[in-house]
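Comments concern the structure below.
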Amino acid sequence: MTTHRFPPSFLWGAATSAYQIEGATQEDGRGASIWDDFCQLKGVIRDGSDGSAACDHYHRYAEDIALMRAIGLKAYRFSVAWPRVMPQGRGAINRKGLDFYNRLVDGLLEAGIRPFVTLYHWDLPSTLNAQGGWTNRDSAGWFADYATVVVRALGDRVKDWITLNEPWCSAYLGYEAGMHAPGYRDRTLAARAAHHLLLAHGTAVQAIRAAGDAQTRVGITLNFTPNLPASESEADRRAAAEAPDWFYEPFAEPILTGAYNARVLERLDGAVEIRPGDLAIIATRNDFLGVNYYSATLISAERGEVHDDNPEYTLMGWPVRPQGLYAVLMRLHHATRGQLPLYVTENGASFKDEVVNGRVHDEQRIAYLRAHIASMHRAIQDGADVRGYFVWSLLDNFEWSLGYQQFFGIVHVNYTTQARIIKDSGYFYRDVIANNGLA
Ligand code: IFM
């Protein structure tokens, strides 16, 4: 019996990104990206690995589409590698790079799977980084030009475009925490990158609309880690509502309202020039908003950030808090007065898996997905306009500075043989899709 039924047109999908799965980083004219460079630095990737082979998806995409079909995916979110399409970041276009995405899109459409294309999932061409990367205001124009090239090439078949994936990570993990490429530790650079990423997003939305057609839809994907009250008490509720939200305020707020709040302005002040008209560009209308959700923070009025009495953690060390997905979706629903369709563009969990007789019995991942899908269902019942859900991830893959030691896939990948096995969570998800809900 289906207990949580979703709207008939609900789009069930899975997501990946180029550097995390493609491999073939030196093939067919692809240029270098900041992640190729970063991985070569000593000690920055936990297992000393890189994305040069990854899941070899560049060669195995047809097999991967067959897996998507076996699971019954209705949509697939992948990213285009900017340096594959424009090896120098600007100017010359690499036909062979575009051809790969042409083949991928054609294969998806033949399989009846709707492509959602992210234009930037962190692999900035190295040549652009040499010119300042996102700290250079010109990056907005570079990105819009690249977006135009891709939309002109694929836009006859791809209608759903995501400009940036998680600009919070690009700016703060990349330029302030030094954990991600390009690996800088400088608050000023991070603030500058954050503003320019937003500018790049708004500029690209306009460019994508100009290059696309009447069916073109464009949005951005942001990551949220909301503050939740540690208890139902009035004091905790107020504390959670009033606590700074460093995930929401610097990106979602200016995109949705056309203004930075005072806390964000304080951080940007002196680091970056905000020119008249910038915020209008940043707030260019989106057709949808992509929501990435993994975990939440608990806030108590007396003790600040706290932990649950009996927390369950994923292998990433992230507490499992499905109620946070409901909270984020409802907050966005209210902030946009229900006027902006939402997609959960990433949600999933890393747990250590074991292959036993050719099967992976990943009960914890199934429980995580079930609880989050139920939480999203509650938000839809309460009015949130959520149009789709993408599991992170289709495949186990390269988890950035944690290398190949995290396992988010609903499909297991053996990195020696490149053999794939659909995990039990993949079969669970197949049933969710087939029933359009939870059983
Ligand atoms: O693997 C990443 C992805 O690239 C962006 N969002 C979070 C995922 C898990 O850390």
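What follows is calculated from the coordinates using simple rules that are stated; it is not laboratory data. In this text, all values refer to a predicted model and were calculated from it rather than measured experimentally. Cβ coordinates were reconstructed from backbone atoms using ideal geometry, including for glycine residues, and neighbour counts include every protein chain displayed.
Here are some notes:
- In this structure the amide hydrogen of T221, modeled in the peptide plane, comes within under 5 Å of the amide hydrogens of T163, L164, E166, G290, none closer than 5 places in sequence on its chain.
- Ordering of 417-423, 162-168 by burial proxy (mean other Cβ atoms within 10 Å per residue, highest first): 162-168, 417-423
- For the stretch 105-121, backbone phi angles converted through the Karplus equation (6.51, -1.76, 1.60; θ = phi - 60°) give residue-by-residue couplings of 4, 4, x, 5, 5, 4, 7, x, 10, 7, x, 10, 10, 8, 7, 9, 10 Hz, Gly and Pro being listed as x.
- Derived scalar couplings between HN and Hα for the stretch 375-390 equal 5, 5, 4, 4, 5, 5, 4, 8, x, 5, 8, 9, 9, x, 8, 10 Hz in order, rounded to whole Hz, by the Karplus curve 6.51 cos²θ - 1.76 cosθ + 1.60 (θ = phi - 60°), x for Gly and Pro.
- Applied to the stretch 129-145, the Karplus parametrisation 6.51 cos²θ - 1.76 cosθ + 1.60 on θ = phi - 60° returns per-residue 3J(HN,Hα) values of 5, 5, 9, x, x, 6, 7, 8, 4, 5, 4, 4, x, 4, 5, 5, 5 Hz, with x for Gly and Pro.
- Residues with amide H under 5 Å from that of S300, placed H, sequence gap 5 or more: A230, E305, V306
- Residues of type lysines that K74 reaches as a straight line, Cα spacing below 26 Å, ignoring anything fewer than 8 places off in the same chain: K159, K423
- Packing rank of 324-330, 26-32, where each peptide gets the mean count of other beta carbons within 10 Å, highest leading: 324-330, 26-32
- For the chain, the gyration tensor built on C-alpha atoms gives a rounded shape. Its axis ratio a/c (a ≥ b ≥ c) stays under 1.5.
- Net +/- balance of residues flanking I45 in space, Cβ distance below 14 Å, scoring K and R +1, D and E -1: -3
- For the pair the stretch 245-286 / the stretch 379-402, the C-alpha centres are spaced 25 Å from each other.
- For H4, distant residues with modelled amide H under 5 Å away: L438
- Antiparallel DSSP beta bridges within the chain, percent to nearest 5: 25 percent
- Local electrostatic count, A70, Cβ distance below 11 Å [Lys/Arg +1, Asp/Glu -1]: +1
- Shape category assigned to the stretch 86-207 from the gyration tensor of Cα positions, a/c cut at 1.5: prolate
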